[in-house]
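Okay, so here's the structure we're looking at.
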Amino acid sequence: MPNDTPYAHLTPDLVLDAITACGLWPDGRLLALNSYENRVWQVGLEDARPVIAKFYRPGRWSDAAILEEHAFAQELAAAELPVVAPLPFAGRTLLHHDGFRYALSPRHGGRAPSLESADQLEWLGRLIARMHSVGARSTFAHRGRIDRDTLIAQPVQNVLASTLLPSSSHDRYRHAVERIDQLVAMRFDAVGPVRALRLHGDCHPGNVLWTDDGPHFVDLDDARMGPAVQDLWMLAHDERAMDALLEGYMSMRDFDHAELALIPALRAMRQVHYAGWIAARWHDPAFPAAFPFAAEPRWWEQHITDLHEQADEFE
């Protein structure tokens, strides 16, 4: 299937047929959920609660890497952590239908957490610590790491190979990302070796849903090996919030405070990766519709400025 239109043949009928192939009975209700990397639907069932169907982007992950994600989610759920894990069918969680790979999971609704609440932040800190205790039991063999190659080198290549970045901005962009890369390398060297764990990897507020019973985590699609602080910094908008997260975390598990010095580097890497992700996916019709600003030269000028400002934070 062409990489520029990976979902061209993923029609509603195909989605319903894939659900039926699992022995379930869809009632015809499909609700597209907010997802760009994959395609995700809430599917209504007859005489049962709806399920969530995630169709994986062709070519992004190997089967082995997806199965590692599934096994990690199931391991977390078995440890009684509130993580949404895929449902098995005939013992398999990674399913195939008409050239697509997909997985089904239970639907769990919820609202965004209140990151102004110290109580909620401490609760999240405790749960992340428990997640990391499970994550430390083993390693990923197929899912990669939080590193400069993944989050800087490859995204930069994607940007420079795209038509989005104006040619007049190439030199300024190269200078900005080279500066970021050097500073990130220096910061990791200064902090020294840190223990890499199996992580959620993309633990931002949109991947935490809160109910009356508390929070649960969704979307382990970016699970990787990396430092514990990776799953904390996106939930902490200031020092007070990080203190609350760590108070909860350290009530369950030790934390190496040296990792806090990695936050500016991790933030800068995420910023570089974001632009590279858009550039790499631009031929997917969903991306120009969702990110029209990326076609404007002024956005790239601001991106370059933002990178320099990010570098200034930890130079």
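The values are calculated or read from the model by the stated rules, or taken from the named source; none is laboratory data. No experiment lies behind these values; they were computed from the predicted model shown. All Cβ positions, glycine included, derive from the backbone under ideal geometry; neighbour counts span all protein chains shown. SASA here: full protein model, heavy atoms, side chains in, ligands and nucleic acids out. Shrake-Rupley method; radii C 1.70, N 1.55, O 1.52, S 1.80 Å.
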(message) If I go through the stretch 249-299 residue by residue, how many of them are more than 26 Å from E37 (Cβ to Cβ), open to solvent by 50 Å² or more (accessible area, probe 1.4 Å) and not in a helix (DSSP H, G or I)?
(response) 4
(request) Can you give me the number of residues within the stretch 3-41 that are acidic (D, E) and either open to solvent by less than 40 Å² (accessible area, probe 1.4 Å) or in contact with a helix residue (DSSP H, G or I) (Cβ under 8 Å, 6 or more places away or on another chain) (or both)? (result) 1
(request) Take D312 and decide whether it is modelled with pLDDT under 95, out of contact with any Phe, Trp or Tyr (no Cβ under 9 Å at 6 or more places or on another chain) and more than 20 Å from D147 (Cα to Cα). (result) yes
(message) Name the residue that is farthest from P106 (Cα to Cα), counting only residues in the stretch 24-37 that are modelled with pLDDT of 95 or more and not in a strand (DSSP E or B).
(response) W25
(request) Go over the candidates R267, R281 one by one and state the one that is of a type in the set (K, R) and more than 23 Å from V191 (Cβ to Cβ). (result) R281
(message) With on the phi < 0 side of the Ramachandran plot and touching a Lys or Arg at 6+ places or on another chain (Cβ under 6 Å) as the only criterion, which of A311, A268, A258 stands out?
(response) A311
(message) Return the residues of the stretch 42-66 that are open to solvent by 40 Å² or more (accessible area, probe 1.4 Å) and within 21 Å of H216 (Cα to Cα); say none if nothing qualifies.
(response) Q42, R49
(message) Quick check on T163: is it open to solvent by 80 Å² or more (accessible area, probe 1.4 Å), under 21 Å from L199 (Cα atoms) and either more than 18 Å from the chain's Cα centre (by Cα) or in contact (Cβ under 8 Å) with a residue 12 or more places away in the chain (or both)?
(response) no
(request) Hey, could you check the stretch 108-151 for residues that are open to solvent by 30 Å² or more (accessible area, probe 1.4 Å) and among the β-branched types (V, I, T) and say which is nearest to E69 (Cα to Cα)? (result) T139
(request) Go over the candidates S133, S114, S138 one by one and state the one that is of a type in the set (S, T, N, Q) and under 21 Å from A241 (Cβ atoms). (result) S114
(request) Kindly list, by first and then second residue, each pair from a residue in the stretch 198-211 that is free of Cβ contacts under 8 Å to residues at least 12 places away in the same chain and open to solvent by 10 Å² or more (accessible area, probe 1.4 Å) to a residue that is outside any loop (DSSP other than H, G, I, E, B) and of a type outside the set (A, V, I, L, M), limited to pairs with Cβ atoms under 9 Å and residues at least 6 apart or on different chains. (result) none
(request) Give the residue that is farthest from R253 (Cα to Cα), with candidates limited to residues of the stretch 99-117 that are touching a helix residue (DSSP H, G or I) at 6+ places or on another chain (Cβ under 8 Å) and modelled with pLDDT of 95 or more. (result) F100
